[in-house]
Amino acid sequence: MPDLGPRFDELLRRLGEISDLEQASSLLSWDEETKMPPLGAPARAEQLATLARLAHELGTAPELGALLEELRGVEEVLAAESFEASVVRVARRDYEKKRRVPSELRAEMTRAGSLGYRAWLDAREASDFGILRPHLERRIELMHRYVACHEPYDDAYDVLLDDHEPGMRTADVESVFARLKAELVPLVAAVEPVDDSCVHGDFPAERQREFSLEVLHRWGMDDRAWRLDDTVHPFSSNISVSDIRITARFDREDLTGILSCLHEFGHGLYERQVDAQYTRTPLQAGASSSFHESQSRLWENVVGRRPSTWRFFYPRLRELLPAEFGAVALEDFLRALNRVAPSVRRVDADEVTYPLHIVLRFELERAMLAGDVTPAELPEAFDAKLREYLGVEPENVVEGVLQDVHWSDSNFGYFPTYAIGSVIAVQLWGRATSELGDLDAQFAGGEFAFLREWLRENVHRWGRVFEPPELLERVVGGPLDPGPYLAYLGEKVAALSR
């Protein structure tokens, strides 16, 4: 390997400072959504805006650009996946994208997102979309300014999508979603009803939390590096490779809090298993939002709803909740857990109807960005999409347009990655089982390490070294393909009919 000398060390120093500021922002955001008292919101918005501005200024500094230019040749000398070549390549991509955007605009977008989050909480509490509306209008205004920084482009939504899924285009999403809609709408309509009353009742939150932690510890959660906290809308945050924070909301009337823990574990595991060498560099995150969601959807659904998984865990659930599940057979519990039926809330949706929740949000985001749907019109437009695709009607705005946090504190472009991630999850599962053999036998015995380590070796450890399409090709041997996912969902529906 050639001696890269002090210039590469200087690059790592600069990138490390940027990473430190970004991770400090992550910690403040985690606190904002878990521990911060409500009246701390205005000051927190300013703190986050300051950190965003400083990180952006460091990330677009001419000195950083000069360093990256000096080190450009490293990619021609070293293997593409080498640490040095990967750092230079990914840092250059980030630099070239960031430098299009003024630091003050980045700070204002962060400030608006923080204030929007608090407005979303207040709007939910008051069941009043009007509280959030001016914040959403401001977010859209700022997004138009942000998109304009990236001209020329084929589609304005491409700019926002690329922030979460590098290289993917809106037309790619439309192609996948058209196939999902075409096959899932009739599939959902043909599903036979299943009695799921056993998973609805009065389940003490503390018992759900205890059970969730036992599952997560069995799967690989280590209390020395992880923690679980309560929030309104569950999320995962990594402060470092050894500081993983997941959150949940345990509602007494159902078990969705347990499933959300399984979901967030997938995110946390990804970040925990990134190669520690990548710490304080741009490589330390997941390859993309879709790859991240592939991990959460895999552990929540492919593993978390699997009969073999529950053959191991169900006896413990019955011990913790004997009055609720003592007389419920495992087979009846599994049918209820995997029931397919349209529902109002996305986070409560079954695997088969879930993609339709994502499709309608993607369509509404595009319509809002284009001005075809205004924030004032969003509540009715949202309800209309629910009626059209799922045949359900929310009782109020909390069940409707206010159910998701994303339009208050995040830029548009993230929602599609949930469905794309579900597609990737099944592709990864197919390859894992072809290489590892009968995972069901292992799961039934409480052994999940083989899958966890397979994911570490093939996906997690690489961080952002590979672009998403290249990583998928390396792991599964082909491009993004919704076919296996649709077959998987079809099998689930067929199983419920037997």
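Taken together, the values in this text are just the output of simple stated rules run on the coordinates, not laboratory data. Note that this is a predicted model, so its numbers are computed, not measured. Virtual Cβ from ideal backbone geometry, glycine too; neighbours counted across all protein chains shown.
General observations
- Spin-label zone in the range 301-319 - amide nitrogen under 20 Å from a point set 7 Å from the Cα of LEU213 along the C-beta vector: 313-319
- For the range 399-414 versus the range 315-383, the spacing of their alpha-carbon centroids is 15 Å.
- The Stokes-Einstein estimate for the range 297-421, based on a Kirkwood radius over Cα pairs and taken at 25 °C with 0.890 mPa s viscosity, is a diffusion coefficient of 149 µm²/s.
- Each part reduced to its alpha carbon centroid, the range 430-498 and the range 95-128 end up 35 Å apart.
- Shape category assigned to the range 103-142 from the gyration tensor of Cα positions, a/c cut at 1.5: oblate
- Taking a ≥ b ≥ c as the square roots of the eigenvalues of the Cα gyration tensor, the range 277-362 is classed as oblate, since a/c reaches at least 1.5 and a/b does not exceed b/c.
- In sequence order, calculated HN-Hα J values of the range 398-407 (Karplus, 6.51, -1.76, 1.60; Hz; x Gly/Pro): 5, 6, x, 5, 8, 6, 9, 7, 4, 7
- Packing-based exposure ordering (other Cβ within 10 Å, fewest first) of CYS261, CYS198: CYS198, CYS261
- With Cα atoms, 0 to 90° folded angle of helix 5-34 axis to the chain main axis: 40
- FRET efficiency for ALA61 and ASP155, using Cβ-Cβ distance with R0 set to 22 Å, rounded to 0.05: 0.10
- Computed from the C-alpha gyration tensor, the three semi-axes of the ellipsoid equivalent to the chain are 36, 28, 22 Å, from longest to shortest.
- Counting neighbouring beta carbons within 10 Å and listing from fewest to most, the residues SER294, SER434, SER114 come out as SER434, SER114, SER294.
- In this label model, GLU491 and GLU192 are separated by 2.0 nm, measuring between points 7 Å along each Cα→Cβ vector.
- Ranking of ILE246, ILE140, ILE239, ILE358 by count of other Cβ atoms within 10 Å, fewest first: ILE239, ILE140, ILE358, ILE246
- Once backbone amide H atoms are built at 1.01 Å from N, ASP230 has ALA248 as its partners under 5 Å, excluding neighbours fewer than 5 places away on the same chain.
- Legend: calculated FRET efficiency, THR374 to ASP122, from the Cβ-Cβ distance at R0 = 30 Å, rounded to 0.05, equals 0.90.
- Computed [θ] at 222 nm, helices only, for the chain once each DSSP H run of length n ≥ 4 contributes -39500 (n - 2.57): -20000 deg cm²/dmol
- Helix 83-98 and the longest principal axis of the Cα set of the chain meet at an angle near 90°.
- Classification of the range 5-116 by its C-alpha gyration tensor yields a prolate form. The axis ratio a/c (a ≥ b ≥ c) is 1.5 or more, and a/b outweighs b/c.
- The range 271-285 versus the range 35-93: alpha-carbon centroid distance in Å: 14
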